[in-house]
Amino acid sequence: DELVGRDSLLWKVETIGDAFMIASGLKHTEGELGGGLQNRKSTARAAVLFGKSALAEARTLTMPNSMQCTIRVGVHTGDVCSGVVGTRMPRYCLFGDTVNTASRMESSGVPGRMQISEATHALVCGDDSDFCWDERGYVEVKGKGKLKTYLLRESERGDD
């Protein structure tokens, strides 16, 4: 929760089992963020920075079995539908292909690494990028087929 609180673009959606889902850019309107491509770039960057921090934080933790804590991080970019579901115990939920694809980026990822989709890669790469990525190639993703993915380069994982 502390890592989410560092950036006003981030929103903790839910924790289920060993999964922690965040979304970026939900709390802001297009006007507040400047809209368009710059909005998508800044929200994708916020999600990647969170993932990088989460990887670094996990590496500082030791599990009860004396093994280092290792997590997988998955990021995808796109539109979502949101709403409050339920009346007795209402919950804020996100729906849509973007949510499913982000989940698949995590589940098909590599322990200790961040895997991102091609859509996210297009937004966080470029001349001014602070991130270095290794092309993983096409990965079989449940319910999606083969998707081109990228892994955060080992030297960029947030050890600083």
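The values are calculated or read from the model by the stated rules, or taken from the named source; none is laboratory data. Keep in mind it's a predicted model, so treat the numbers as computed, not measured. Glycine gets a Cβ as well: all are built from the backbone with ideal geometry, and neighbour counts include every protein chain shown. What goes into the accessible areas is simple: the full protein's heavy atoms, side chains included, and nothing from ligands, DNA or RNA. Shrake-Rupley method; radii C 1.70, N 1.55, O 1.52, S 1.80 Å.
Some values worked out for this structure:
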| item | result |
| --- | --- |
| All lysines inside 26 Å of Lys41 as judged from Cα atoms, apart from same-chain residues fewer than 8 positions distant | Lys12, Lys27, Lys52, Lys144, Lys146, Lys148 |
| Net lengthening on full extension, Val80/Asp18 (0.36 nm per residue, minus Cα-Cα) | 20.1 nm |
| Heavy atoms of Asp7: accessible area, 1.4 Å probe, square angstrom to 10 | 50 Å² |
| Among (1) 15.7, 50; (2) 14.0, 40; (3) 18.0, 62, the entry that matches Rg and Dmax of the Cα atoms in Å as calculated here | (1) |
| Estimated dipole of the range 12-146 in Debye, rounded to 20 [Cβ of Lys and Arg +1, of Asp and Glu -1, Cα centre] | 420 debye |
| Solvent accessible area, Å² - Ser8, 1.4 Å probe, full protein context | 70 Å² |
| Carbon/sulfur fraction of accessible area - the chain, other protein chains in place, 1.4 Å, % | 51 percent |
| Solvent-accessible area per residue for the range 44-139 (1.4 angstrom probe, square angstrom) | 56 Å² |
